[in-house]
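Some notes on the structure that comes next.
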Amino acid sequence: MRGQRVFVAGHRGMVGGAIVRRLQALGYGDIVVRSHAELDLTRQADVERFFAGQGIEAVFLAAAKVGGIHANHSYPADFILQNLQIQCNVIGAAHQAGVQRLLFLGSSCIYPRLAPQPMTEAALLTGPLEPTNEPYAIAKIAGIKLCESFNRQFGRDYRSVMPTNLYGPGDNFHPENSHVIPALMRRFHQAVQNDEPEVVVWGSGTPLREFLHVDDMAAASVFVHELAPAAYQAHTEPMLSHINVGTGVDCSIAELARTMAQVTGYRGRVVFDATKPDGAPRKLMEVSRLADMGWRAQWSLADGLADTYRWYREHPQAHRAV
Ligand code: GFB
């Protein structure tokens, strides 16, 4: 398996980059990557031409349009359209080119807004979604169903992993469009630098979130990819095939802000801006499927934030629009 020719879609992103590093560390020697300028994954003909000529044997589909609560709310059309396009093009072209194994990366926002906590894989499609990211969630649900449908109709082995909220080196630190960890890290860091007396945190501070270091996500992705088909099938069902990836532990946004203050050395006030949306009240993954397969997260949030802060200070320009 480690001698296979593997395409990592989205290697310039935080998750795709971490998957490439993990594959290299494990001795994968034939990793294919393409920048956005070299291959636009939203263009079907280009993607089909790429797959037809490459002899790819396995795919990690980590390319996606992603962002935090504000970006999802501001660009709903981009989020649903581009994610659907990328998924349809990559999964469809991979199948046409005879690729047997593919790993699709989704998100915990596929689950209903008020799903019982912690959320099992079986909570999928049991209730209404969180409105702030419904278009993105619908695209990710479609990705899972695309994989399952190719498995059922053509005997493919296309698997899906659903990470909880991710963070780490390589994240997007855009002030408005990023997720909460890079947003707060940047804001607390600037407050320390500029000796500001107050940092604003969006929402009420009460939402609960689970956070997973991207290196853990990359390790889980390669772990699931390498499972023998019988092992994957033993823990999944043909029409409930996705696997949650998380730590099994969550914290409130207010607690996260306190930890962030410690990590960045900030000693001023924290205020909550209730005019900003909270999003889902809680999103904790039930991770026993993956634990039963033999994988557990390694990083604690405190260590992971310190690692990310080290990286951010070395890359202060690490922000893009979305
Ligand atoms: O990280 P975040 O945007 O993701 O927000 P979601 C998490 C929580 O942090 C929300 C609060 O309750 C926010 O209101 N928060 C506080 C902040 N301050 C900030 C800030 O400065 N920036 C941000 N971004 N949040 C996303 C989905 O939802 O989760 C995506 O929109 C994706 O589609 C991702 O699924 C994993 O957990 O609310």
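The values are calculated or read from the model by the stated rules, or taken from the named source; none is laboratory data. Given the structure is predicted, the values throughout are model-derived calculations rather than measurements. Please note: Cβ atoms are built from the backbone with ideal geometry, for glycine as well, and neighbour counts cover all protein chains shown.
Restricting the search to segment 169-181, which residues are more than 8 Å from the ligand (Cβ to nearest atom) and in a helix (DSSP H, G or I)?
none
Okay, residues lined up against (1) under 30 Å from GLU314 (Cβ atoms); (2) not aliphatic (A, V, I, L, M):
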residue: LEU227; (1), (2): no, no
residue: ALA231; (1), (2): no, no
residue: PRO238; (1), (2): no, yes
residue: SER241; (1), (2): no, yes
residue: VAL245; (1), (2): yes, no
residue: VAL249; (1), (2): yes, no
residue: SER252; (1), (2): yes, yes
residue: VAL270; (1), (2): yes, no
residue: ASP278; (1), (2): no, yes
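Pull out all pairs, ordered by first then second residue, where Cβ-Cβ is under 8 Å, the residues are six or more apart or on different chains, the first lies in segment 83-96 and is over 12 Å from ASP46 (Cβ atoms), and the second is of a type in the set (D, E, K, R) and part of a helix (DSSP H, G or I).
Taking only residues 6 or more apart or on different chains, the pairs are ASN83/LYS140; GLY92/GLU48; GLN96/GLU48.
What residue, of ALA18, ALA64, ALA94, is surrounded by 16 or more Cβ atoms within 10 Å (Cβ to Cβ), farther than 30 Å from LEU184 by Cβ and at pLDDT 95 or above?
ALA94
What number goes with the only condition from (1) more than 12 Å from the ligand (Cβ to nearest atom); (2) outside any helix (DSSP H, G or I); (3) at negative phi that VAL192 does not pass?
(2)
Considering only segment 209-222, I want to know if a residue exists there that is touching a Pro at 6+ places or on another chain (Cβ under 7 Å) and under 20 Å from THR120 (Cβ atoms).
Yes, segment 209-222 contains a residue that is touching a Pro at 6+ places or on another chain (Cβ under 7 Å) and under 20 Å from THR120 (Cβ atoms).
Would you mind telling me which numbered condition in (1) farther than 17 Å from VAL161 by Cα; (2) free of Cβ contacts under 8 Å to residues at least 60 places away in the same chain PRO135 fails?
Failed condition: (2).
Out of the residues in segment 147-205 that are farther than 24 Å from SER252 by Cα and among the basic types (Lys, Arg), state the one that is farthest from the chain's Cα centre (by Cα).
ARG152
So which residues in segment 195-220 are in a helix (DSSP H, G or I) and in contact with a strand residue (DSSP E or B) (Cβ under 6 Å, 6 or more places away or on another chain)?
VAL214, MET217, ALA220
How about segment 74-87: which of its residues are surrounded by 18 or more Cβ atoms within 10 Å (Cβ to Cβ) and in a helix (DSSP H, G or I)?
Residues satisfying the conditions are PHE79, ILE80, GLN82, ASN83, LEU84, GLN85, ILE86, GLN87.
Out of all the residues in segment 82-138, which are within 14 Å of the ligand (Cβ to nearest atom), over 26 Å from HIS11 (Cα atoms) and small (Gly, Ala, Ser)?
ALA115
Scan LEU208, LEU184, LEU212 and give me the residue that is within 14 Å of the ligand (Cβ to nearest atom) and within 23 Å of VAL8 (Cβ to Cβ).
Criteria check complete, one pass: LEU212.
Within segment 265-295, can you find the residues that are exposed (fewer than 12 other Cβ atoms within 10 Å of the Cβ), under 28 Å from ILE110 (Cβ atoms) and touching a helix residue (DSSP H, G or I) at 6+ places or on another chain (Cβ under 8 Å)?
ASP292, GLY294 - these are the residues of segment 265-295 that are exposed (fewer than 12 other Cβ atoms within 10 Å of the Cβ), under 28 Å from ILE110 (Cβ atoms) and touching a helix residue (DSSP H, G or I) at 6+ places or on another chain (Cβ under 8 Å).
Do we find that ARG313 is within 16 Å of the ligand (Cβ to nearest atom), surrounded by fewer than 16 Cβ atoms within 10 Å (Cβ to Cβ) and assigned to a helix (DSSP H, G or I) in this structure?
It is false that ARG313 is within 16 Å of the ligand (Cβ to nearest atom), surrounded by fewer than 16 Cβ atoms within 10 Å (Cβ to Cβ) and assigned to a helix (DSSP H, G or I).
Which residues, taken from segment 269-296, are on the phi < 0 side of the Ramachandran plot and away from the ligand (no atom under 16 Å from the Cβ)?
Hits for segment 269-296 are GLU286, SER288, ARG289, LEU290, ALA291, ASP292, MET293, TRP295, ARG296.
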